[in-house]
1. So what is the relative contact order for the stretch 45-173, in percent, with contacts set as C-alpha pairs under 8 Å and at least six apart?
2. In a GNM of the chain with a 10 Å cut-off on Cα contacts, which of Lys162, Lys124, Lys140 has the highest mean-square fluctuation?
3. Can you tell me how much longer the chain between Gln129 and Ser9 gets when fully stretched, taken as 0.36 nm per residue apart minus their C-alpha distance, in nm with one decimal?
4. Taking amide H positions as placed in the peptide plane 1.01 Å from N, state which residues far from Leu113 in sequence (5 or more) or on other chains have amide H under 5 Å from it.
5. Under a point spin-label approximation (7 Å from Cα along Cα-to-Cβ), what is the Lys115-Asn97 distance to one decimal in nm?
6. Return the single residue from Leu113, Leu79, Leu121 with maximal mean-square fluctuation; model: Gaussian network over the chain, springs between Cα atoms under 10 Å.
7. Output the direction-averaged projected area (hull surface divided by four) of the convex hull of the alpha-carbon atoms of the chain, in nm².
8. Which residues in the stretch 65-101 have a backbone N closer than 18 Å to a point placed 7 Å from the Cα of Trp145 along the Cα-to-Cβ line?
Amino acid sequence: MTRSKFPLSQVYTVLEPGAVVLIGSRLGDKINLMPISWKTMLDFDPPIVGCCIGDHSYTFGMVKKSKEFTMNIPAAGLLKNVYASGQVSGRAVDKFNKFGFTAVPGSKVKAPLIKECFINLECKVVNAQLVDKYNFFVVKVVAAWIDRAAKHAHAVRHISGKKFMIDGKTVSI
């Protein structure tokens, strides 16, 4: 077998793709949303998830202070608006209005669910030890919702840059 060097800057493209989620956040009367794909399951019952949120973002500060957020899984049909929402800051733009998303109340957190997404997860930060060094939040999913009418909704997975993969065929072995 012949091997060649693989750029370290491209490691992300082979370890991901994780489903793109829209993080819904609230601090006081301000709400925001932000797409991310850097998250991982850490435990299953109860569901514990680790995720990275860039410390330069408006969402990072909101989550760090509020200690809660929502993860909302958009279907492939929303990809253009999801991508565009990640290209601007919520400090300057009301992303819900600009990109056609609807904030709805959660049951266990103050952060908004996003109506247009087919899965919504309400999350509370349970460990912030790695936040200052790695921007890594550990959260417990405290409520989960699914739109059962969206039977064939396909999640979007980020590959790199403007490249995405859309979920499709499921196989069993």
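1. Relative CO of the stretch 45-173 lands at 28 percent.
2. Evaluated over the chain, the most mobile residue of the options is Lys162.
3. Gain in length upon complete extension: 40.6 nm.
4. Val104, Gly106
5. 1.6
6. Top of the fluctuation ranking is Leu79.
7. 12.3
8. Residues 68-75, 96-97, 100-101 fall inside that zone.
The values are calculated or read from the model by the stated rules, or taken from the named source; none is laboratory data. Everything quoted here is computed from the prediction, not taken from an experiment. Cβ: placed from backbone, ideal geometry, glycine included. Neighbour counts: every protein chain shown. Remember, those area values only see protein heavy atoms, side chains included, never the ligands or the DNA or RNA. Shrake-Rupley method; radii C 1.70, N 1.55, O 1.52, S 1.80 Å.
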